[in-house]
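**Q** Before I ask anything, let me first share the structure, which is written out below as structure tokens.
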Amino acid sequence: MAILLSVTGFDPSRWWQALHEAAPERRIVVDASEAGGEPIDYAVVWKQPPGLLATLPELKAIFSLGAGVDHILADRQLPAVPIVRIVADDLKERMSEYVVWRVLDHFRRGRAYRQQQAQKIWHERMQPAAREITVGIMGLGVLGIDAAAKLQVLGFRVSGWSRGEKRVDGVETFAGSAGLGPFLAASDILVVLLPLTADTRGIIGEDLLARLKRDTPLGGPVLVNAGRGGLQDETAILAALDEDRLMEASLDVFNVEPLPAESRLWSHPKVFVTPHAAALSDPDALAPIIMRQIAAHERGELLDNVVDRQAGY
Ligand code: NDP
Ligand code: OXD
């Protein structure tokens, strides 16, 4: 039995090493032809080449190297085996660090003070208290709930939006299309941690930006997107920034990655860009989780964190 590690866009060697260290007895190949006739029972993937998994007749499950699975589901010839996504404290903590970092930077006027420093301007700006700010989190899943808890510790009011109704301690929750309007109208800083699905594609567009609360204690609404680039209409975001309908944005994910050099987002003074780095999938932390799941599945146990293909996440 062999495990196929198939990634696009980066060198797989760190993942290969970590998977190997987690279960040295396993044969892990980065190309199906290296399996030497052994059947490939499991695939561990990030943006596998379309059609590749359909060529593996013995495949029993597909493991995503990340929390998101849009990169797997984009393959139209996907075999009908379970898809397992990453749920791990390590990933959750990294994402919450990013969210807290970006929220605090916008809230504490990071951009304005960096500009002032460049010009040697000594000028204290009005600073609201955290309790006066509502951070609205779109996507109250594993990552959204953890970020909400950490923002609450800092004193922010937190609300959240999800597909189904949810109850989360201390968080005002909204659900579905009926809940979106009131949720947006109450958010001073909007943090997007949604998966990319047929329902969420392009959701951060003109209509959503127009529904954001305008008179926030910060002087305007702020957008933080660490979900997926496909959620956002970048032209609409740039227009909202240019017209001061959106005060600032932190964007970690983009429609095209790497973000093309000609994108105006790179140089827009109100945009903070990171290269899909909000929550790195650390092979050393995550490979043992994947290998434990494979071993459990072979013992006949149920897989955890199996994706609902119909819902797309
Ligand atoms: P979860 O599946 O745990 O949570 C997803 C949340 O989104 C749920 O609350 C779900 O609602 C909500 N949701 C899904 N579809 C809709 C919809 N149509 N309308 C309203 N709410 C919806 O995912 P995670 O929290 O683990 O991860 C979220 C995403 O973060 C990933 O899919 C990935 O794209 C992104 N990510 C980005 C990283 C980065 O480095 N930038 C790193 C890791 C993840 P409900 O609760 O009702 O199901
Ligand atoms: C993920 C990611 O989905 O890194 O985990 O984007």
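The values are calculated or read from the model by the stated rules, or taken from the named source; none is laboratory data. Nothing here was measured: the structure is a model prediction, and the numbers come from that model. Backbone-built Cβ (ideal geometry, glycine too); neighbour counts: all protein chains shown. Please note that ligands, DNA and RNA were not included when accessible areas were found on the heavy atoms of the full protein model with its side chains. Shrake-Rupley method; radii C 1.70, N 1.55, O 1.52, S 1.80 Å.
**Q** Of (1) in contact (Cβ under 8 Å) with a residue 24 or more places away in the chain; (2) not in a helix (DSSP H, G or I), Gly37 satisfies all except one. Which?
**A** It fails just one condition, (1).
**Q** Ok, one more. Here's a check for you: in the stretch 140-173, which residue that is surrounded by 21 or more Cβ atoms within 10 Å (Cβ to Cβ), away from ligand 2 (no atom under 16 Å from the Cβ) and of a type outside the set (A, V, I, L, M) is farthest from Gly227 (Cα to Cα)?
**A** Among those that are surrounded by 21 or more Cβ atoms within 10 Å (Cβ to Cβ), away from ligand 2 (no atom under 16 Å from the Cβ) and of a type outside the set (A, V, I, L, M), it is Phe156.
**Q** Just a yes or no: is a residue in the stretch 206-218 open to solvent by less than 40 Å² (accessible area, probe 1.4 Å) and in a strand (DSSP E or B)?
**A** Looking through the stretch 206-218, none of the residues is open to solvent by less than 40 Å² (accessible area, probe 1.4 Å) and in a strand (DSSP E or B).
**Q** Taking Ile189, is it over 24 Å from Ala130 (Cβ atoms) and out of contact with any Lys or Arg (no Cβ under 8 Å at 6 or more places or on another chain)?
**A** Values: over 24 Å from Ala130 (Cβ atoms): no; out of contact with any Lys or Arg (no Cβ under 8 Å at 6 or more places or on another chain): yes.
Taking the combined requirement at face value, the residue does not satisfy it.
Residue-by-condition table, conditions (1) out of contact with any strand residue (DSSP E or B) (no Cβ under 8 Å at 6 or more places or on another chain); (2) open to solvent by 60 Å² or more (accessible area, probe 1.4 Å); (3) within 13 Å of ligand 1 (Cβ to nearest atom):
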position	(1), (2), (3)
Met1	no, no, no
Trp16	no, yes, no
Ile28	no, no, no
Ala32	no, no, no
Ile40	no, no, no
Pro57	yes, yes, no
Ile86	no, no, yes
Val100	yes, no, no
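**Q** For the stretch 259-275, how many residues meet the condition of being surrounded by 13 or more Cβ atoms within 10 Å (Cβ to Cβ) and touching a residue at least 40 places away in the same chain (Cβ under 8 Å)?
**A** 3
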